[in-house]
Amino acid sequence: MTKMNRTSARSQRGASLFVALVMMIAITLIGIAGATISTSEERMARNARDTNIALQAADAALRDAEADIVTARAISGATLFSTSCDYTGGKGLCIPPSTGTAQAWESHLTDPARSLAYGEMTGVPSFIAGTSSGGVSSPPRYLVEAIPDTSGTSLKAGGSVRYVYRITSVGYGALAGTEVLLQEFFRP
């Protein structure tokens, strides 16, 4: 009997070392998985925050454009509007191109010579640029397009055409690659 116990004890020698190594590998893999998940969640939260900053900037540009239409230039009709969006005194004011060509906001929205930066016409203080302050990488921009109003009566009392204004704005996040594009139709 003693011989048998010695043989089984010899065959089991090193088994506890093997079990300990397997447990350590499992614990290490669980730790690595936890760190990876944590890093991914942090990256997603950062991207969501940056998108939110860009959304707020684009929305602020829409409100600035409304103030430009109603107050700053007191736009009525489509007098200062052009297809190139750069008519003298009508920077950022566009007439939609004919069908089959790119929309004005697709080709001119990011062009500083044809679109307006936030506060450029209204005099509102500009956005803070730079990531250290939590600001935006670039000030938001907007374009206004005059579109004949086809709802209800399309003529004003004096016989002139009524217009609805399509405002398109782009806002930037703290990171240069984050952009949010917003559009709205505005009837003053």
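Just so you know, all these numbers are worked out from the coordinates, no wet-lab data involved. Keep in mind that this is a model prediction, so the values were computed, not measured. Cβ placement follows ideal geometry from the backbone for every residue including glycine, while neighbour counts extend to all protein chains displayed.
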Go through segment 18-33 residue by residue and turn each phi into a ³J(HN,Hα) via Karplus (6.51, -1.76, 1.60, θ = phi - 60°); whole Hz please, and just put x for glycine and proline.
-> 4, 5, 5, 5, 4, 5, 5, 5, 4, 5, 5, 5, 5, x, 5, 4
Counted charge near residue 113, where neighbours are those whose Cβ lies closer than 10 Å (Asp, Glu -1; Lys, Arg +1) | 0
FRET efficiency, 1/(1 + (r/R0)^6) with R0 30 Å, evaluated for residue 175 and residue 71 via beta carbons | 0.35
